[in-house]
Amino acid sequence: MSTSSPTGVQSLERAFTLLSLLADNHVDGLRMDQLVRAAGISRPTIHRMISFLVDLHYIEQDVTTRAYRLGTAAMLLGLRTMSRPPLVATYLLTMRRLARRTGEGVFMVVRIGDYSYNLHLEQDPPQNPALQDLVGTTRLLGLGIGSLSLLATMTDAEIRRHYARQRAQYAASNLSLTRLLTGVERGRRLGYTLAAGLGVAGVGYAFEVPSGYAAISVVSSKARMPLARRHEFGKLIKQEIG
C-alpha cells in the first residue's frame, strides 16, 4: 500500500468525483484520458489519486483495455448497507402507504451506470410472492418499469449514446431506439412512465436524490393494471413523492 495519500477537503472531493464517474460508467470503464476530460482534473493529480485508490482496491484496471472501474473494496462497502439501504429508510413509510393504497407491489429502483437495480419491495397485503424474487436484480435501463423512469431523466443525446453501447441487448428484447424514445417522451409529458410486457404492467416515477436519481414503481399483472389504473397510480406516486 502507498505510504502517502492525498489530503484535504479538495482531495476528498476529487476522489469522490472519480469514484462517481467510474460508478456511472462501470460497464465499459473509463481510460485515463477519459477521466481527465470528464473530471476536469489535471492528469498528474488523477494519476496520483488513482494509484492511491488502486492500492486500496477501490479502483481496478482492466489489463486488456486499460480502462478503470470500481474495485472490489468499493462494491463491498456498498453491499454492507444492503440489509437497510439509507435511501430505503428515507422512503420506507411512503412506500408502505403506496402499497396499502394501491394493493400492489411497490418497488424502489436506483440507477447503476447503464442498468437499474431493484433495491426494495413493499406489498401490503402480499399479492404476488414472485415479485420478491426481483429484489436485488438488475435490468438494462428502459427494460423495466422503474428503469424506464430512470432512463427518462437522461437527455436524448445521453440516451442515444447509451442505446449505442447496449444495442445488442435492446435488439434481443426487440426494442428499437425510436420505441424507447417514444416511451421516454410520453413519460416526460405525463410526469410518470407507463410500461407493460410479458404479463406485467405498471407505472414508474423518478425523482432526484443526493446520489443522483431513484424511482418508485407500482407493479402488478396486466389483468390488475389496466391503463386507467396505471394513470391513477402515477398521479398518486407524484403526490406522495412530490
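Values quoted throughout were computed directly from the atomic coordinates according to the rules given, and no laboratory measurement underlies them. Everything numeric here is computed off the predicted structure, so don't read it as measured data. Cβ sites come from the backbone with ideal geometry, for glycine too, and all protein chains shown count toward neighbours.
Considering only alpha-carbon pairs that sit under 8 angstrom and 6 or more positions apart, the relative contact order computed for the chain is 15 percent. Estimated at 0.36 nm per residue, the fully extended path between Ala157 and His231 surpasses their Cα-Cα distance by 23.9 nm.
Show log10 I(q)/I(0) for the chain at q = 0.09, 0.17 Å⁻¹, two decimals, from a solvent-free Debye sum over equal Cα scatterers. With one equal scatterer per Cα and no solvent, log10 I(q)/I(0) is -0.44, -1.23.
The calculated 222 nm mean residue ellipticity attributable to helices in the chain amounts to -14500 deg cm²/dmol, summing -39500 (n - 2.57) over DSSP H runs of n ≥ 4 and dividing by all residues. With respect to the chain, whose longest principal axis is taken over its alpha-carbon atoms, helix 227-241 is tilted by about 50°. 3J(HN,Hα) along the range 172-181, derived from phi through the Karplus expression 6.51 cos²θ - 1.76 cosθ + 1.60 where θ = phi - 60°, amounts to 5, 9, 6, 10, 7, 4, 4, 5, 5, 5 Hz, with x in place of Gly and Pro.
Hey, fewest Cβ within 10 Å first, where do Ile112, Ile59 land in order?
On the way: Ile112 18, Ile59 23.
In order of increasing Cβ crowding within 10 Å: Ile112, Ile59.
In the chain, the longest principal axis of the Cα atoms and the axis of helix 43-55 are about 70 degrees apart. Give me the net charge for the shell around Gln132: Cβ to Cβ below 14 angstrom, other residues only, Lys and Arg +1, Asp and Glu -1. Charge balance in the 14 Å sphere: -4. Each residue of the range 89-95 is assigned a 3J(HN,Hα), and the resulting list reads 4, 5, 10, 4, 5, 5, 5 Hz, derived from the Karplus form 6.51 cos²θ - 1.76 cosθ + 1.60 (θ = phi - 60°), x at Gly and Pro.
Normalising the Debye intensity of the range 116-177 to I(0), with uniform scatterers on Cα atoms only, and taking log10 at q = 0.20, 0.29, 0.30 Å⁻¹ returns -0.82, -1.25, -1.30.
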